[in-house]
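To keep things clear, I will list the structure first and then write my remarks on it.
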Amino acid sequence: MATQTPDSPATAPAARDAERTRSEILAVARREFADKGFAGARVDEIAAKTRTTKRMIYYYFGGKESLYIAVLEQAYTGIRALEQQVDVEHLDPAEAIRQLAALTFDHHESHPDFIRLVSIENIHHARHIARSDILAGLANPALDALTRILDRGRATGRFRRDVEPIDVHMMISAFCVFRTANRYTFNAIFKWDMLDPDRRDHYRTMIGDIVLEYLTASR
């Protein structure tokens, strides 16, 4: 009998099925962890909402904590991949900043589960993220792109020189995370829905204005 290699046609469907199963588990687990937190989510419930079993979840991911870390890795990889798709190298520096701010704005608005996962992980003092082998360096390309944008803006004399790329990243993230994470409490206190579609364009422009106002302010 001929030996089947990993690339042979006979093994390809099995590999695709395994990848589909893994993706389905991650999608369900992401919702469960985002809704119930790390402590509240149950592997039994995740298995019940997929076409697999608890045993198979442990086979693919090794345990609840490893599954949670995989969910966090997928969530952060998503936004980092989007950032790398934006071709900001050939844009005017100010427009490049606006593009990156708008990208973060759109992503966080359309992925409230990402915001909840980040909030949950902060409750745990980021101890799960610290165990990831890939998350520590995942933001480096985004910060490198910001560095190049700031350097180009400084070269033209438009951007101030005392701003770090991490400062800009923090400003954009703070605005976009607050708008989504605090939507309900903000509305309960001020009767103002920050995710009201009628105000969306205003806020999307506003975050770019805020960052550029800071970058171009004299000191």
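The values are calculated or read from the model by the stated rules, or taken from the named source; none is laboratory data. Since the model is a prediction, treat every value here as computed from it, not as a measurement. Virtual Cβ from ideal backbone geometry, glycine too; neighbours counted across all protein chains shown. Ligands, DNA and RNA are excluded from the accessible area calculation, which covers all protein heavy atoms including side chains. Shrake-Rupley method; radii C 1.70, N 1.55, O 1.52, S 1.80 Å.
Filtering segment 84-106 down to residues that are over 15 Å from D209 (Cβ atoms) and of a type in the set (S, T, N, Q), which residue is most open to solvent (accessible area, probe 1.4 Å)? That would be Q85.
Listed by first and then second residue, the pairs with beta-carbon distance under 6 Å, at least 6 apart or on different chains, first residue in segment 147-160 and in contact (Cβ under 8 Å) with a residue 60 or more places away in the chain, second part of a helix (DSSP H, G or I) and not hydroxyl-bearing (S, T, Y), are I149/P93; I149/A96; G153/P93; F159/L150; F159/G153; F159/L215. Residue count for segment 28-54 under the criterion of being aliphatic (A, V, I, L, M), out of contact with any helix residue (DSSP H, G or I) (no Cβ under 6 Å at 6 or more places or on another chain) and under 18 Å from I123 (Cα atoms): the result is 1.
Annotation: of all residues in segment 178-215 being part of a helix (DSSP H, G or I) and either touching a helix residue (DSSP H, G or I) at 6+ places or on another chain (Cβ under 6 Å) or modelled with pLDDT under 95 (or both), the one that is farthest from H108 (Cα to Cα) is L212. All of (1) among the acidic types (D, E); (2) without any contact (Cβ under 8 Å) to a residue 40 or more places away in the chain; (3) open to solvent by less than 50 Å² (accessible area, probe 1.4 Å) hold for E121 with one exception: (2).
Considering segment 85-173, the qualifying helices (runs of 4 or more DSSP H), each wholly inside and each with 2 or more residues that are under 25 Å from D193 (Cβ atoms) and among the aliphatic types (A, V, I, L, M), run over 93-110, 112-123. Looking across A130, A70, one residue alone is out of contact with any Leu (no Cβ under 6 Å at 6 or more places or on another chain) and free of Cβ contacts under 8 Å to residues at least 12 places away in the same chain. It is A130. Going residue by residue through segment 184-192, is there one that turns out to be under 18 Å from the mean Cα position of the chain (by Cα), among the hydrophobic types (A, V, I, L, M, F, W, C), open to solvent by less than 70 Å² (accessible area, probe 1.4 Å) and under 25 Å from V118 (Cβ atoms)? Scanning segment 184-192, I find no residue that is under 18 Å from the mean Cα position of the chain (by Cα), among the hydrophobic types (A, V, I, L, M, F, W, C), open to solvent by less than 70 Å² (accessible area, probe 1.4 Å) and under 25 Å from V118 (Cβ atoms), so the answer is no. Might you check whether a residue that is more than 21 Å from S66 (Cα to Cα), touching an Asp or Glu at 6+ places or on another chain (Cβ under 8 Å), hydrophobic (A, V, I, L, M, F, W, C) and touching a residue at least 24 places away in the same chain (Cβ under 8 Å) occurs anywhere in segment 135-143? The answer is yes, given that some residue of segment 135-143 is more than 21 Å from S66 (Cα to Cα), touching an Asp or Glu at 6+ places or on another chain (Cβ under 8 Å), hydrophobic (A, V, I, L, M, F, W, C) and touching a residue at least 24 places away in the same chain (Cβ under 8 Å).
With respect to the stated conditions, R148 fails to be among the basic types (K, R), modelled with pLDDT of 95 or more and either surrounded by 13 or more Cβ atoms within 10 Å (Cβ to Cβ) or touching a Ser or Thr at 6+ places or on another chain (Cβ under 8 Å) (or both). One residue stands out in segment 193-219 among those that are touching a residue at least 12 places away in the same chain (Cβ under 8 Å) and polar (S, T, N, Q): the one that is surrounded by the fewest Cβ atoms within 10 Å (Cβ to Cβ), namely S218. Among the residues of segment 55-68, those that are over 24 Å from H125 (Cβ atoms) and exposed (fewer than 15 other Cβ atoms within 10 Å of the Cβ) comprise R55, Y59.
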